[in-house]
Amino acid sequence: MATKMVIQQPRAIAVTPSSDQWTTSICECDSVNECCFSVWCFPCFACITARDHGECLCLPLLDIFGLIPPATLSMRVSTRRRYGITDTICNDCVYTFFCGPCSWCQIRREMKARLHPVTLLNNRPMG
């Protein structure tokens, strides 16, 4: 009688950073180049960020039509929903009204921070 032996190979485990908070604060700057670009050429920076987010390149140009910039507000809300970030629409309104370029920088940093969220770990038994 033949005996069957089952051999199971170790598998990798996918670990994703899951945080319900922004990875950076509104005024945190991780790249001087991006911060300067957002201040000195804000429309270009906002349009590039919107495109990289998967939206229309010209979406930020709609911000000229409101007291609270509608495109910036919608991008903040979209980013929060995409990454499961807990915040309030009130905070989004305040940040978009008073800190437009900083808000776009925070959105860009969040996209970069969560672009490569999967880390593979080897699941080999110790011993």
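Bear in mind these aren't lab numbers, they're just calculated from the coordinates by the rules spelled out. Since the model is a prediction, treat every value here as computed from it, not as a measurement. Note that each Cβ is placed from the backbone with ideal geometry, even for glycine, and that neighbours are counted across all protein chains shown.
Summary table below
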| read-out | value |
| --- | --- |
| Nearest-0.05 FRET efficiency for F97 and E55, computed from C-beta distance (R0 25 Å) | 0.80 |
| Per-bin percent of Cα-Cα distances, region 75-118 [5 Å] | 5, 23, 32, 26, 10, 4, 1 |
| Computed magnitude of the charge dipole of region 47-92 (debye, nearest 20; Cβ of K, R +1, Cβ of D, E -1) | 120 debye |
| In nm, spacing of pseudo-spin labels at I68 and S19 (7 Å Cα→C-beta vector) | 2.6 nm |
| Globularity index of region 33-117, i.e. its alpha-carbon radius of gyration over 2.2 N^0.38 Å | 0.99 |
